[in-house]
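Take a look at the structure set out below.
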Amino acid sequence: MNKTTNILLPNAFEFVEDPQLDSDSITRPSVTFWKDVWRRLFKNKVAMLGLFIITIITILAICVPLFSEYTYKGQDLVNANALPSSTHIFGTDNLGRDMWVRVWVGARVSLAVGVFGSVIPSLIGIVIGGISGYFGGKLDMLIMRFIDVAMCVPSMIYIILIMLFIGSGPISIIIAFALTGWMGSARSVRGMILQLKEMEYVLASKALGASSASLIFNHLIPNTLGIVVVSMTMGIPSAIFYEAYLSFIGLGVAPPTPSWGQLSNAGIAVFRVYPSQLMIPSALISLTMLSFNLFGDGLRDALDPKLRS
Amino acid sequence: MKKYILQRLVISVITIFVLATVSFFLLRSLPGSPFQTETLLSVETEARMMAYYGLDKPLLEQYLTYMGNLLHGDLGYSLKYTNRTVNSMIASAFPISATLGLISLAVAVPIGLFLGVVSARKRGKTVDYLCVFISVIGVSIPSFIMGSFLQYIFAVKFQLLPIAQWKSLKHMVLPTVALSLSLLASLTRVMRASMLEVINQDYVKTARAKGVPEDKVVTRHEIRNAMVPIVTMLGPMVASVLMGTFVIEKIFAIPGLGQHFVNSITGLDYTMTLGLTIFYGSFLVLANFIVDIAYGIIDPRIRIEK
Amino acid sequence: MSKRILEVKNMHFSFYTYAGEVHAVNGVSFHVDQGETLAIVGESGCGKSVTVQSIMKLTPTPPGKLKQGKIEYMGEDITHYTQKEISSMRGKEMSMIFQDPMTSLNPTMRIGHQIAEGILSHENISKEKAKQKAIEMLIKVGLPNPEKNFMSYPHQFSGGMRQRVMIAIALVCNPKILFADEPTTALDVTVQAQILELMNTLKREFKASVVLITHDLGVVAKTAQRIAVMYAGKIIETGTARDVFYDPKHPYTWGLLDSVPSTGVQSTKTLLSIEGSPPDLFDLPKGCSFAARCKYCMNICREMPPEETVMANGHKASCWLLDCRAPSVPSQKRVSRVSKLNVKEAAYVE
């Protein structure tokens, strides 16, 4: 009945001695969650391009001011408003200051404000939201009511108020962001914690007598980390944008210290005559925001377990 | 339902009360004086000005007076614009900001949602990449840069449209485009994510399994359920857009509310800032209230819980 | 012989993921006759759901792809029907009930409209008439107060009630074949029996055939006339319920039957389980896919996939033990608990 069987060994129809039930050994290499995330992130060319641009911009921001013959405030009124050339790669501004150096010094300010202005409020939000969601009860209600009221105010008004209080400058901007930006992330972390608290595996470890600390560190934080990291990454471009916005309305970084927002603001005044003075800083703002957004998108896709097939 | 609305109303009033109180004291604790920022006034003149606006009285008394007036809907006199009430300033500037905002929303919402749906339905195809690209670019270019570039291209280079001001339909084009582009981009992103979530739900499969034509699967089952997060997002978005965007208004010299927000704070115009904050806050509370009701219409699960 | 409703021949279905090709279904053939209930039994992940969902073309392609095979409905080849063509058949000719009633109803649509939507998609009648029909259907599936329930939303219903609604949606257009994908798995035990009973009653009333997917042999015993046992994307044994239960031929089927808990008081036998887990569908073994877990594994099992052996009464199994050269397996080794399952004798009379 089987023509193929006649080429078989004579012992083909003998039972396998000691049949080890070996199918538990899975042929596909098992990958841990984070390894999988990294692999998918590396495969995402667009996200990697974003990361690459961010790296390049960061390196330039660190190195250019260190090795340039010009300084960000050295004036050369004879060569004011020069167009980009070999001596001044990005030209000069109305006071003859070298734009190449100013742009990269400005990048330091903008990037620092972007990163810290996103990470610090998120961290505050995680702590407050985590406490609120984990302990619940009256404390939770109090915090949530406070957030409800505080969210009714346009954050710009608070930021401006705080800036007026503590004066302008990059650190003030970060403080202002920290004081106003934590509410959104507190709310979402609280929501996630509430959801996770109901999950069976959390109940199970509770039933097995796990302590609060081990619950928070072993279950709740790892499971919210992904979303938090993504929202931090996505927060960076918006912090950069807010810095630019504040500098644009004259409240951000005080001259002569440059920031991208401030350079754009100065550029807008003259852009009909010298468009490059607006185009360069604004192109960099857009490029950086774009890169962070692309990277953040990739990170979110990589972290989404539903895409894990 | 009645009970719910009443409850919401009470919470709203309390919210606005707290908002007014906190903002009042926060503002008044700022260093400086509203009459010293621009021209250097003599001490007597400044004192006279302070007395004229009642700013010399004890802070608590000022607060009670202000809150008393607020109950009647009176936001007081602006400290910077002589003889103009905050109410009248809002009345003249708000319609302009609101018009710009409404037109931009009318452009951005349908296009943004449409692109989001198309993008999610064609996930991984060229159309999807195109939509994602447009939306990422849209959220990555700050509006003041977008506005300036639009001005440069359409008003300076080709001189097709007026560069600024708010006079005719032609004047409205550039600010509307600049504003709606960023709105559109974020709507597209949220709608795409929401649709991707819904597309894989079991009930969509059920709809297909009972033979519902594909176009109706999309409209009745996918889009409707995907709208829930959009509605949440629309409340604050509509409020902030109708309140005017400072940057767009500054670049295009539009006499809307947005400029007053920034100018009044930096100029320490207490009454104006306070009035605008309360106006904005009330508007936001109202918008969120409408959103909650719309939410109930879209998602019956929420309706019942109330 | 009754009329053949559905015939699937040598179906291969794969998913193409970034990690490689997942061979979900590997050469499945079966048929369904008018009025009968075919149960497809197997562990989770053995390709049961993919098989039926790809018949109705409900699996997303890509990443899924029907690689090979033929699907015939009432003698007509529907293998390469477009989504549009198959859509007009769904609900009217064949319909499906899903496992989790909590997620398979649209939360933002009234129950009644979800039933009426199916009618309106196939029949050119007024909305009023469709509503009437939907209400009749609600009565048939045993939901009280149909007028009120018509206007209700899914979240107001319990799991059992939702599954009744799903049955109403599936049967309202009088389909010839109903695929029930683990219809009782997500329900309470007490409700399970009611839902099965309802399905059996309505199946007779509507003269529909049922393909019941389950891993619960208790459910199979109560409802099915024929059984197909699936393992790693293949049907390894098929036959009438009586043959498969009382005279199983494949070691995997023996294992399945042994793993049913017995409820008898005097039962002293320990509950047995099948050691190990199913093979990785990314990388199937070259021989019999059950070899690694089989107590009676022979050398040939690891080298070559067994072919189907046809026995009396349409009973078929794919196992090398059935080869004439294979040693016979002592029958006492087969601990069978079939008697406890109470296979419905009545089921055969039909």
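The values are calculated or read from the model by the stated rules, or taken from the named source; none is laboratory data. Given the structure is predicted, the values throughout are model-derived calculations rather than measurements. Don't worry about glycine lacking a Cβ; one is built from the backbone with ideal geometry, like all the others, and counts go over all protein chains shown.
Observations, loosely collected:
- The set of residues in the range B:112-125 being surrounded by fewer than 17 Cβ atoms within 10 Å (Cβ to Cβ), away from chain A (no Cβ under 14 Å) and not basic (Lys, Arg) consists of B:Phe114 alone.
- For the range B:204-250, taking the residues that are over 19 Å from C:Ile86 (Cα atoms) and among the acidic types (Asp, Glu), the one that is farthest from the chain's Cα centre (by Cα) is identified as B:Glu222.
- Residue in the range A:241-259 that is under 27 Å from the mean Cα position of the chain (by Cα) and on the phi > 0 side of the Ramachandran plot present: yes
- With respect to (1) farther than 30 Å from C:Gln192 by Cβ; (2) modelled with pLDDT of 85 or more, the lone exception for C:His80 is condition (2).
- Counted residues, the range A:266-285 - those being surrounded by fewer than 21 Cβ atoms within 10 Å (Cβ to Cβ), assigned to a helix (DSSP H, G or I) and not hydrophobic (A, V, I, L, M, F, W, C): 1
- The one condition in (1) more than 15 Å from the chain's Cα centre (by Cα); (2) touching a residue at least 60 places away in the same chain (Cβ under 8 Å); (3) facing chain B (nearest Cβ under 8 Å) that A:Ile268 fails to fulfil: (2)
- Residues that are more than 7 Å from chain C (Cβ to nearest Cβ) and of a type in the set (S, T, N, Q), drawn from the range B:212-229: B:Thr219
- Some residue of the range B:112-128 being under 19 Å from the mean Cα position of the chain (by Cα) and part of a helix (DSSP H, G or I): yes
- Residue in the range A:237-256 that is of a type outside the set (Val, Ile, Thr), away from chain B (no Cβ under 11 Å) and farther than 28 Å from A:Ala82 by Cα present: yes
- The combined condition, being assigned to a helix (DSSP H, G or I), touching a residue at least 60 places away in the same chain (Cβ under 8 Å) and surrounded by fewer than 24 Cβ atoms within 10 Å (Cβ to Cβ), is fulfilled by C:Glu205.
- Search result, residues across the range C:294-318 that are more than 25 Å from C:Arg226 (Cβ to Cβ) and assigned to a helix (DSSP H, G or I): C:Asn299, C:Ile300, C:Cys301, C:Arg302
- The set of residues from the range B:148-170 being part of a helix (DSSP H, G or I), more than 9 Å from every other protein chain (Cβ to nearest Cβ) and in contact (Cβ under 8 Å) with a residue 24 or more places away in the chain comprises just one member, B:Leu150.
- From the options A:Ile162, A:Ile157, A:Ile147, A:Ile175, residue that is more than 13 Å from chain B (Cβ to nearest Cβ), in a helix (DSSP H, G or I) and β-branched (Val, Ile, Thr): A:Ile175
- Flag for B:Ser104 being within 14 Å of chain A (Cβ to nearest Cβ), surrounded by 20 or more Cβ atoms within 10 Å (Cβ to Cβ) and in a helix (DSSP H, G or I): no
- The condition of being free of Cβ contacts under 8 Å to residues at least 24 places away in the same chain, of a type outside the set (D, E, K, R) and either within 24 Å of C:Glu307 (Cα to Cα) or surrounded by 15 or more Cβ atoms within 10 Å (Cβ to Cβ) (or both) holds for only one of C:Ile40, C:Ile5, C:Ile78, that being C:Ile78.
- Every pair of residues 6+ apart whose Cβ atoms lie under 7 Å, when the first sits in the range B:5-21 and is without any contact (Cβ under 8 Å) to a residue 12 or more places away in the chain and within 11 Å of chain A (Cβ to nearest Cβ) while the second is of a type outside the set (Phe, Trp, Tyr) and in a helix (DSSP H, G or I): B:Val18/A:Val149
- Residue tally, condition outside any loop (DSSP other than H, G, I, E, B) and more than 13 Å from every other protein chain (Cβ to nearest Cβ), over the range C:54-111: 11
- Residue check for C:Met151: more than 25 Å from B:Ile199 (Cβ to Cβ) and either charged (D, E, K, R) or away from chain B (no Cβ under 14 Å) (or both): no
- Looking only at the range A:280-296, and only at residues there that are free of Cβ contacts under 8 Å to residues at least 24 places away in the same chain and within 8 Å of chain B (Cβ to nearest Cβ), the one that is nearest to A:Lys45 (Cα to Cα): A:Ser286
- Condition check for B:Leu71: exposed (fewer than 14 other Cβ atoms within 10 Å of the Cβ), more than 13 Å from chain A (Cβ to nearest Cβ) and touching a Phe, Trp or Tyr at 6+ places or on another chain (Cβ under 6 Å): no
- Filtering the range A:207-227 to residues that are under 30 Å from A:Gly296 (Cβ atoms) and out of contact with any Leu (no Cβ under 6 Å at 6 or more places or on another chain) leaves A:Leu215, A:Ile216, A:Phe217, A:Asn218, A:His219, A:Ile221, A:Pro222, A:Thr224, A:Leu225, A:Ile227.
- Number of residues in the range A:234-265 that are more than 25 Å from A:Leu161 (Cβ to Cβ), modelled with pLDDT under 85 and among the aliphatic types (A, V, I, L, M): the value is 1.
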